[in-house]
Amino acid sequence: MKTVKFRTILKGILFLTFAGIFLYVVFGSESESIEVSSPGAPPVPTETPAETEEEVEGDMVEEGEESPPIVEEPEQIEIDDSEDGPENREILIDEKQNEIDGHQYLVENNQLELYVKEENLSILIRNKSNGAVMYSTVDQTVGSNEEWANFTQSSVVMEYLVGTNIVTYRADMYTGNPEKSIEYTENGFEATIFYPELEISYVLKVSLTDEGIVAEIPQDQILEENDRFKVGGFYVYPFLGYSKLGERDGYMFIPDGSGALIHLKDNEGKYKQPYSKMVYGSNVGVDDPYVLSLFNRMNPFNEPEDILAPVFGMVQTDSEMGYLGIIEEGQYHAMVEAYPSGAILPYNWVTAKFIYRQVYNQPTSQDSGTMVVRQRMMNNFDIRVRYDFVSEDNATYFGLAENYRNYLLHNDMIAAKEEEFKARIDLFGVDVEDGLLFKNKVSMTTFGQANKIFNELQASGVDNILSIYKGWQNRGYYAGLPIRSFNPDSTLTDDYQLNELVEASNEQGIELFLYQDALRINLEESGNNRSSVMRKFNKRQHNENVYGNVYNTFHFLHPEATVDILKSVKDDYQSNQIHEVALGGITNQLFSYSERNKEHDRITTKQYYESIISEYADSFQLILDQPFSYLWGYTEKMVDVPSQSSGYVFTDEDIPFIALTLKGIVPMYSEYINFQANQDFFFLQLVEQGLNPSFYITYEDPASLKNTNSSHIYSSQFELYEEVITDYYEQLGAVFEQTKGALISNHEREGNLTKVTYDNGIIIYLNYSDEVQNYEGHTIEGLSYKVVHDE
């Protein structure tokens, strides 16, 4: 016993030491953080879980886990801008020109003029209303070797693979001596680029639209005539809107979580790595995810936020011009990359990167040994990027969000839902823990107790309730994966059966949704169902390592198996009068997979998921858990909407891009308030972003879950949260009544003050500092907000 205690203490000391070093490195050189401790938000009770040896081990990562393959880092360029002064490229040109900076005038519309340079197919956009000019390539490159200099001066950069070599090479508008032929069209041009040595050619199409430009590379016009050379991917106009060091004012927008900005400044070499993330999350069918195993069975890092929408952007505030990049085709195999100055080059630039082939680890034996191989078939997609330009007063991050909102509505990708304020009270049913011989069920909220919670809340004035019941199925949340039928767990049946609870809730005006994780399968409990499991390109099953107290690993269902299961259970739901369903897992996960020696890309998975989700949307009141944007049109409400970004060290500011886009159109619910580290700050974010509050509730003390896979639920007992829920409901409900049905028409920040303007005349001022602030004739107390009506 003494040995166990000593090891526990030693692990704790090591963890605190590493965590301190990590926090110092990441945040030590940044500006001071805001300390929020004011009574602006209703207080939330805290429950500290018992720190047992078993519980600590349950959150840790096993030692000896295989490391990821070593990837060669991009060459870091020594930046010395003393040899060159400012670029001195004109950013404002009063009148239309025949030529600007080597670019010939091509075509125009009411808003924009398009110029092109045939040498490298570089384009230049001039806004006719204010004369602002935006460039797509660098003219005189500084701080770059030849490879990167050619990259910065190219309209398109192609990555390719050679033979069995896993190293990626680049061919741009100069490297490889490409042959170019250009044909001008009514709205732009089409160019064919051919690399004689590689025997690869493709077609680039650029056209001017009312809002901006569209750049396309059709897949059927990518020709590979030599088996030795294969296309890996493309960058399309990667330097559109670039700036050198801190010569321009403005920012790059990245769609990380809620959204974030990277300011166009001279970072003085502080940052060495860019932002680089897959749209719609990582591809576990090809990529090898891994967890740092520095500590025994423990991952000390939070999971980063996913990209929920295929967008990115640039705003140059000094010339009042910017653009929103929307990936219209190819988003399922695209990455968004943003390079703050100093990350390899002395330039700020943001772009989309499209991936046609990847390399992956192929095991060479059952037990050990791997080799890295390339993807055989190209991913099946065209490339199409839309750049919608904003100018003058609209050249802001809000202007980008408003543009995206209009785009979604105009293209029928979303439709306005009836907006209503409800408190989301999610309930947790049952989980299992290991027993001496068998697993024991741990019941946390029976059906009768759920009814009691609803009754007590409504008696306290919380009339409008939305609830998602998780872990209602036989054997509970994790042991019962996947849900194959409507079969409620017997330990949850007391005064009520589930059907009776659903009926009683409907009579009380409560929306009660049954939750189904449609992605995961628990092979320990599901018997011989390995044929239903997704396999990666390397033919191995994907292991989702969770390192829980009961189950360490889950697997993903084959997409076709997901559809079959959901079709079967749909009939069961309907025959049992279940009309409200919440789906998770498949709403925010996409992967490539293999089947009988054939590779299937993420688009195939998307097609399976979208077809069954569409069917459910037609059959039920449907809620989707933090869905990717291609599914936004199918959900009645969005839950677990991120209110902030991942907090990367190079980001300068979080913005509520998703909320600015969807507020007033689709009802949105926050992530769980129970588990927020800073309650006052989070409460103000709910007010700012128009998010409905969400709580994860159990009737019993969550300490009972300490030996289950649900040990992360450490603060949830209803008797501790009843008053908190009531306070949140009253305060946020009062704000909602004044903004109901309205769209956000502007969002501005000045220091710790935020001003949110609605199109019905309501203005909300928020003070994120702990000191009283006076702004526009209004006094806003510290860590609070004020709602006014603009007469």
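The values are calculated or read from the model by the stated rules, or taken from the named source; none is laboratory data. Since we're looking at a predicted model, the values are computed, not measured. Don't worry about glycine lacking a Cβ; one is built from the backbone with ideal geometry, like all the others, and counts go over all protein chains shown.
Structure notes:
- Given (1) surrounded by fewer than 23 Cβ atoms within 10 Å (Cβ to Cβ); (2) in a loop (DSSP other than H, G, I, E, B); (3) in contact with a strand residue (DSSP E or B) (Cβ under 8 Å, 6 or more places away or on another chain), index of the condition residue 627 fails: (1)
- Residues in the range 519-545 that are β-branched (Val, Ile, Thr) and over 28 Å from residue 373 (Cα atoms): 521 only.
Yes/no per residue for (1) in contact with a Pro (Cβ under 8 Å, 6 or more places away or on another chain); (2) in a loop (DSSP other than H, G, I, E, B); (3) hydroxyl-bearing (Ser, Thr, Tyr); (4) not assigned by TED's automatic domain parsing to the domain that holds residue 439:
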{"site": "538", "(1), (2), (3), (4)": "yes, yes, no, no"}
{"site": "550", "(1), (2), (3), (4)": "no, yes, no, no"}
{"site": "554", "(1), (2), (3), (4)": "no, no, no, no"}
{"site": "571", "(1), (2), (3), (4)": "no, no, no, no"}
{"site": "581", "(1), (2), (3), (4)": "no, no, no, no"}
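- Filter pass, residue 780 being at pLDDT 95 or above, in contact with a helix residue (DSSP H, G or I) (Cβ under 8 Å, 6 or more places away or on another chain) and not assigned by TED's automatic domain parsing to the domain that holds residue 662: no
- Considered as a group, the residues in the range 360-395 that are among the β-branched types (Val, Ile, Thr) and surrounded by 19 or more Cβ atoms within 10 Å (Cβ to Cβ) include one that is farthest from residue 166 (Cα to Cα), and that residue is 390.
- Positions within the range 605-658 being closer than 21 Å to residue 418 by Cα and either among the β-branched types (Val, Ile, Thr) or at pLDDT below 95 (or both), in sequence order: 613, 623, 635, 639, 641, 658
- The set of residues in the range 193-245 being of a type in the set (Val, Ile, Thr) and within 33 Å of the chain's Cα centre (by Cα) consists of 203, 206, 209, 213, 214, 217, 222, 231, 236.
- Among the candidates 122, 136, 181, residue that is out of contact with any Leu (no Cβ under 8 Å at 6 or more places or on another chain) and outside the structural domain of residue 384 (by TED's automatic domain parsing): 122
- Meeting the requirement of 1 or more residues that are closer than 30 Å to residue 200 by Cβ and of a type outside the set (Phe, Trp, Tyr), the strands (runs of 3 or more DSSP E) wholly within the range 234-291 are 275-278.
- Subset of the range 155-192 [without any contact (Cβ under 8 Å) to a residue 60 or more places away in the chain and within 23 Å of residue 124 (Cβ to Cβ)]: 172, 173, 174, 175, 178, 181, 183, 185, 190, 192
- Members of the range 506-536 found to be under 26 Å from the mean Cα position of the chain (by Cα) and in a strand (DSSP E or B), listed by number: 513, 514, 515, 516, 517, 520, 521, 533, 535
- Residue in the range 679-696 that is over 24 Å from residue 716 (Cβ atoms) and aliphatic (A, V, I, L, M) present: no
- Selection within the range 354-377 - at pLDDT 95 or above and not in a strand (DSSP E or B): 356
- Qualifying positions in the range 486-534 - buried (at least 19 other Cβ atoms within 10 Å of the Cβ), out of contact with any Leu (no Cβ under 7 Å at 6 or more places or on another chain) and charged (D, E, K, R): 489
- Any chance residue 577 is assigned to a loop (DSSP other than H, G, I, E, B) and farther than 28 Å from residue 712 by Cβ: yes
- Helices (runs of 4 or more DSSP H) wholly inside the range 650-747 that include at least 1 residues being surrounded by fewer than 23 Cβ atoms within 10 Å (Cβ to Cβ): 679-689, 718-739
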